[in-house]
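The values are calculated or read from the model by the stated rules, or taken from the named source; none is laboratory data. Note that the structure is a prediction, hence the values are computed from the model and not measured. Because the Cβ atoms are built from the backbone with ideal geometry, glycine has one as well, and the counts that use them run over all protein chains shown.
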Amino acid sequence: MASVPSLASSLDRRIADALSAALPEAGAADPLLRRSDRADFQANGMLALAKKLKGNPRELAAKVVEQLPAGELIKDIEVSGPGFLNITITDEAITRTLAERAADDRLGVPFAEQPGTTVIDYAQPNVAKEMHVGHLRNSVIGDAVVRILEFSGEKVVRRHHIGDWGTQFGMLIQYLIEHPHELDHKGGEVSGEEAMSSLNRLYKASRTLFDSDEEFKARARRRVVDLQAGDEETLALWQRFVDESKIYFYSVFDKLDVEIRDEDIVGESGYNDMLAETCRLLEESGVAVRSNGALCVFFDDVKGPDGKPSPLIVQKSDGGFGYAATDLSAIRDRVGNLQADTLLYVVDARQSLHFKMVFETARRAGWLTEGTKAVQLGFGTVLGKDGKPFKTREGETVRLVDLLDEAIDRATAVVREKAQDLTEEQIAERGAQVGIGAVKYADLSTSVSRDYKFDLDQMVSLNGDTSVYLQYAFARIQSILRKAGGARPVAHPELALAPAERALGMHLDQFGENLAEVTASYEPHKLAGYLYQLASLYTTFYAECPVLKADTPQHVENRLFLCDLTARTLRQGMSLLGIRTPEQL
Ligand code: ARG
């Protein structure tokens, strides 16, 4: 595993050295290197430097050029305009660098210099409730961020903060006690759908009773007290709801092709033992104060619509602990026990005020210190074609499974239409990989904070910025590699490159730099953008440069080499987004 410096970074270092040789008094100066249309790169750093040293930028640039004779890296360098440098890289340097990438199973991408520990809170559905389209985002974005961080060498601890606690369990448990067979299943294994439909049935029935029968309501309320007191029978029944829900969650995550491990599911209930202490510490330190019996944290800049301060309530006046007390306790656990230096929360942007107040409270309490970063990746809303939050025609929230099934159906039709020699079984498998990929890609190619329209027609289109387009590009390359017979992908740095080969090669070389940026900013959409551009550049290359029918055997090998490296980069990038790349479509 050897990290490979990109051409841009090698060039940057060369120019920086030339700059300090030409102008020792300048100290370390940034050449401000950019990709350029006129040459490969443009360096603008001489302008600011000349200004600072009160010199002439063109003269300064000319001095730098003197220090940079053409050689194996630089083919051509010239002063242009008010004092830019235009630099063209040699074809040989491009191919050599790519060959080094190809020799490495990480494609030359370095590990982060100082990896830390990130605890990421994502994929957090609620017990006894359907998963809806919002849970698509928190799962898909979270899964991609986990993969991207792990690839960089970061230690990642996953936390699925499922909604498994609250007063609604009193009603559910009481109903189950009074109707003991409602969660029984006849023999055999229970499917996720069966589990959810019995939970739904039970939820509705108990809700109806709760709303219509005062005595049941009273019994349900007493059951909440039993649950909170840790009564064994009550807890055992609560556990049945959690287990039943997990069967359902796993079936949905499985369809979504997102791996969830049991040990990482630490729901709200997992922090119950800490809640009282969290409140005590906040009250003793004065971070929280009693207001009308409730324990509250106030903020100067958070006010309600009436202009009055709107506090974070950590404990209600009846003694009950809410969502905030749990999140504050989770921070203590994640920083204190799990040793996190970064806390990430992939949660709907509509909870941003909650997290702002929770983070601020934790800072005041000293649970989040200077060296600890807490970030909410607040995601936007999934919209229907009408631009309003996505709902069914009846105005209900859309079930995630229904969406996924529809995407798989659509994609299967596309795969079947194009399939040449695939069996029915293969068509079904690829259909799922293409359909789920399409949904994930549409989500991940939009920046996290933005809303986007859920449009299946667009998502499974073969053209445009879709995963289907990327998957077909990958599969097409695999097919070329299979058809190559005896010819192997081999780099030939001595060969001159066609413009489409250079453009493709320069972009391939940027993979590591793109990933570094994506990793630091938690922005998977920038990786999606990189991959889409890669596939587009490949399409142009493929149209302009015959591969198997190239002029000489060396050209064939070199183009196969470019094909192979493109495919490997696509596969690595897609896998970081959690999207499969079938070998054949
Ligand atoms: N269960 C919540 C929901 O479905 C998300 C939980 C977010 N995580 C947290 N630590 N509060 O909206």
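What is the residue count in the stretch 290-336 for residues that are among the polar types (S, T, N, Q) and within 16 Å of the ligand (Cβ to nearest atom)?
Counting residues in the stretch 290-336 that are among the polar types (S, T, N, Q) and within 16 Å of the ligand (Cβ to nearest atom) gives 2.
I need every pair where a residue in the stretch 340-361 that is over 17 Å from Ala325 (Cβ atoms) and among the acidic types (Asp, Glu) has its Cβ under 9 Å from the Cβ of a residue that is within 12 Å of the ligand (Cβ to nearest atom) and in a strand (DSSP E or B), sequence separation at least 6 or different chains.
Going by the 9 Å Cβ cut-off, the qualifying pairs are Asp348/Gly378; Asp348/Phe379.
Tell me which residues, restricted to the stretch 139-158, are free of Cβ contacts under 8 Å to residues at least 60 places away in the same chain and part of a strand (DSSP E or B).
Listed by number, the residues that qualify are Lys155, Val156.
Find all pairs meeting these conditions: Cβ atoms under 8 angstrom apart; at least six residues apart or on different chains; first residue within the stretch 265-282 and within 15 Å of Tyr122 (Cα to Cα); second residue among the hydroxyl-bearing types (Ser, Thr, Tyr).
Qualifying pairs under 8 Å: Glu268/Tyr323; Glu268/Thr326.
Taking the conditions exactly as written (within 30 Å of the chain's Cα centre (by Cα), acidic (Asp, Glu) and either surrounded by fewer than 20 Cβ atoms within 10 Å (Cβ to Cβ) or modelled with pLDDT under 95 (or both)), does Glu259 satisfy them or not?
Here the answer is yes, as Glu259 does meet what is asked.
I need the full set of residues from the stretch 263-289 which are more than 16 Å from the ligand (Cβ to nearest atom), surrounded by 14 or more Cβ atoms within 10 Å (Cβ to Cβ) and not in a loop (DSSP other than H, G, I, E, B), in order please.
Correct list: Ala276, Cys279, Leu281, Leu282, Glu283.
Has the stretch 160-174 got at least one residue that is hydrophobic (A, V, I, L, M, F, W, C), closer than 17 Å to Ala128 by Cβ and surrounded by fewer than 21 Cβ atoms within 10 Å (Cβ to Cβ)?
Within the stretch 160-174, none of the residues are hydrophobic (A, V, I, L, M, F, W, C), closer than 17 Å to Ala128 by Cβ and surrounded by fewer than 21 Cβ atoms within 10 Å (Cβ to Cβ).
Can you work out which of the residues in the stretch 315-339 that are in contact (Cβ under 8 Å) with a residue 40 or more places away in the chain and hydrophobic (A, V, I, L, M, F, W, C) is farthest from Arg290 (Cα to Cα)?
Going through the qualifying residues, I end up with Leu338.
Sort out which residues of the stretch 59-103 are under 19 Å from Thr569 (Cβ atoms) and exposed (fewer than 14 other Cβ atoms within 10 Å of the Cβ), and write them in order of number.
Result: Ala103, single match.
Any idea how many residues of the stretch 295-342 are in a strand (DSSP E or B), at pLDDT 90 or above and more than 22 Å from Thr118 (Cβ to Cβ)?
Adding up the residues that qualify gives 8.
Out of curiosity, is Val157 surrounded by fewer than 22 Cβ atoms within 10 Å (Cβ to Cβ) and either of a type in the set (Ser, Thr, Tyr) or more than 16 Å from the ligand (Cβ to nearest atom) (or both)?
no
Do we find a residue being exposed (fewer than 12 other Cβ atoms within 10 Å of the Cβ), closer than 23 Å to Ile260 by Cα and in the same structural domain as Phe253 (by TED's automatic domain parsing) anywhere in the stretch 175-191?
yes
Go through the stretch 129-152 and give me each residue that's away from the ligand (no atom under 12 Å from the Cβ) and either in contact with a strand residue (DSSP E or B) (Cβ under 7 Å, 6 or more places away or on another chain) or of a type in the set (A, V, I, L, M) (or both).
Val140, Ile141, Ala144, Val145, Val146, Ile148, Leu149, Glu150
In the stretch 573-585, how many are among the hydrophobic types (A, V, I, L, M, F, W, C) and assigned to a helix (DSSP H, G or I)?
So the answer is 2.
Among the listed residues Leu68, Leu23, Leu19, identify the single one that is over 25 Å from Asp509 (Cβ atoms), modelled with pLDDT under 90 and among the aliphatic types (A, V, I, L, M).
Of Leu68, Leu23, Leu19, the one residue that is over 25 Å from Asp509 (Cβ atoms), modelled with pLDDT under 90 and among the aliphatic types (A, V, I, L, M) is Leu23.
Taking the stretch 541-585 only, how many residues are of a type in the set (A, V, I, L, M, F, W, C) and at pLDDT below 95?
1
If Met274 satisfies every condition in (1) within 30 Å of Arg430 (Cβ to Cβ); (2) touching a helix residue (DSSP H, G or I) at 6+ places or on another chain (Cβ under 7 Å) but one, which is the exception?
For Met274, the exception is condition (1).
Residue check: is Arg34 in a strand (DSSP E or B), closer than 29 Å to Glu100 by Cα and under 39 Å from the mean Cα position of the chain (by Cα)?
yes
Would the stretch 484-492 turn up any residue that is part of a loop (DSSP other than H, G, I, E, B) and under 24 Å from Ala144 (Cβ atoms)?
no
If you check every pair at least six apart or on different chains, which have Cβ atoms under 9 Å apart with a residue in the stretch 109-135 that is more than 30 Å from Leu98 (Cα to Cα) first and a residue that is among the basic types (Lys, Arg) and crowded, with 24+ Cβ neighbours inside 10 Å second?
Every condition considered, the pairs that remain are Val119/Arg159; Val119/Arg334; Ile120/Arg159; Asp121/Arg159; Asp121/Arg334; Tyr122/Arg159; Gln124/Arg159.
Which numbered condition in (1) under 21 Å from the mean Cα position of the chain (by Cα); (2) more than 12 Å from the ligand (Cβ to nearest atom); (3) in a helix (DSSP H, G or I) is the only one that Arg350 fails?
Going through the list (1) under 21 Å from the mean Cα position of the chain (by Cα); (2) more than 12 Å from the ligand (Cβ to nearest atom); (3) in a helix (DSSP H, G or I), Arg350 breaks only (2).
Could you please find all residues in the stretch 533-584 being hydroxyl-bearing (Ser, Thr, Tyr) and within 31 Å of the chain's Cα centre (by Cα)?
Ser536, Tyr538, Thr539, Thr540, Tyr542, Thr566, Thr569, Ser575, Thr581
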